[in-house]
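Please read the structure below before turning to the comments.
We did not get these values from a lab; they are worked out from the coordinates using the rules stated. Quick caveat: nothing in here was measured; it's all calculated off a predicted structure. Here Cβ is always computed from backbone atoms with ideal geometry, including for glycine, and neighbour counts include all displayed protein chains.
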Amino acid sequence: MYQPPHFRDDSRAAQHALIRAYPLGLLITAGSGGLTANPIPFLLDEAGPHGVLRAHIARANPQGLDLAAVEECLIVFQGPQGYVTPSWYASKREHGRVVPTWNYATVHAWGRPQMIEDVEWLGRQVADLTALRELPRAEPWAVADAPEPFVAAQVRGIIGIEIPITRIEGKWKMSQNRPEADRHGVIAGLRAEGEAGLAGLVAERSGL
């Protein structure tokens, strides 16, 4: 990933926080049929130097064949993002030498996938992934709420993926390269358009 120094973030805590907040990663492999990409929800375990990603895919998904054969795959996690108009810049009024851009946060993770058939592992994966999204609800649904034979049949239709992360990169492009007056304009403009979360990130990353 193109990484100008002012946008780069090598903090494991920041990278992992983005993955957990936006767990639907784009899983990318290169196989005999070319490049394949599928959006897959991931869990992140704090293990090893960079963490371990866990997921599952449908057994009928042809990407499983690529995952079983490749030495490395790439997972792209996309965080908050939004268009930035030059109309928000103080620089536009001063000299006009400005162009539109896009602010975004993203984490890219690489690793060698391991395919897992173990029924207990798959059961834990499904339960953990469900709990992650259901527990905050007023009336959380649990895997155990479904009939056991139905759950067993569903588990037979999936295959697990475990990816120890060997390399990880984080990028927060949040107007850090703009003059302070421009950054204040971006924050105000985003807030005016209802993008308070993205505006907060611009402020945080700019130290404003």
Test of understanding: what is the full-extension gain from residue 69 to residue 52, defined as 0.36 nm times their sequence separation minus their Cα-Cα distance? 4.2 nm
On a 0 to 90° scale, report how tilted helix 119-134 is relative to the longest principal axis of the chain, with both axes built from alpha carbons and the result rounded to the nearest 10. 40 degrees
For the chain, give the magnitude of the charge dipole about the Cα centre (Cβ charges: +1 Lys/Arg, -1 Asp/Glu; no others), in debye to the nearest 20. 860 debye
Applied in sequence order to region 103-110, the curve 6.51 cos²θ - 1.76 cosθ + 1.60 (Karplus, θ = phi - 60°) yields integer Hz couplings, x standing for Gly and Pro, of 9, 6, 10, 8, 10, 10, 10, 10
Region 84-112 and region 14-66 have their Cα centres apart by a whole-number Å value of 28 Å
Among 64-75, 23-34, how do they line up from the highest to the lowest mean number of other beta-carbon atoms within 10 Å? 64-75, 23-34
Which value, in debye to the nearest 20, describes the size of the charge dipole of region 74-158 about its Cα centre when Lys and Arg Cβ atoms bear +1, Asp and Glu Cβ atoms bear -1, and nothing else is charged? 780 debye
Under 14 Å from the 7 Å Cα→Cβ point of residue 94, by amide nitrogen: which residues of region 173-208? 177-186
If R0 = 45 Å, then residue 177 and residue 119, at their Cβ-Cβ distance, give a FRET efficiency to the nearest 0.05 of 0.35
As a test of the formula, what do you get for the chain when each DSSP H run with n ≥ 4 contributes -39,500 (n - 2.57) and the sum is divided by the residue count, at 222 nm and rounded to the nearest 500 deg cm²/dmol? -10000 deg cm²/dmol
With the 8 Å Cα cutoff and a minimum separation of six or more residues, region 68-151 has a relative contact order in percent of 29 percent
Can you give the FRET efficiency for residue 87 and residue 137, using 1/(1 + (r/R0)^6), R0 = 35 Å, r = Cβ-Cβ distance, to the nearest 0.05? 0.30
Output wanted: per-residue J couplings in Hz (rounded whole) for region 54-70, from phi through Karplus 6.51 cos²θ - 1.76 cosθ + 1.60, θ = phi - 60°, x for Gly and Pro. 10, 7, 8, 10, 5, 4, 7, 5, x, 5, x, 5, 5, 4, 6, 10, 7
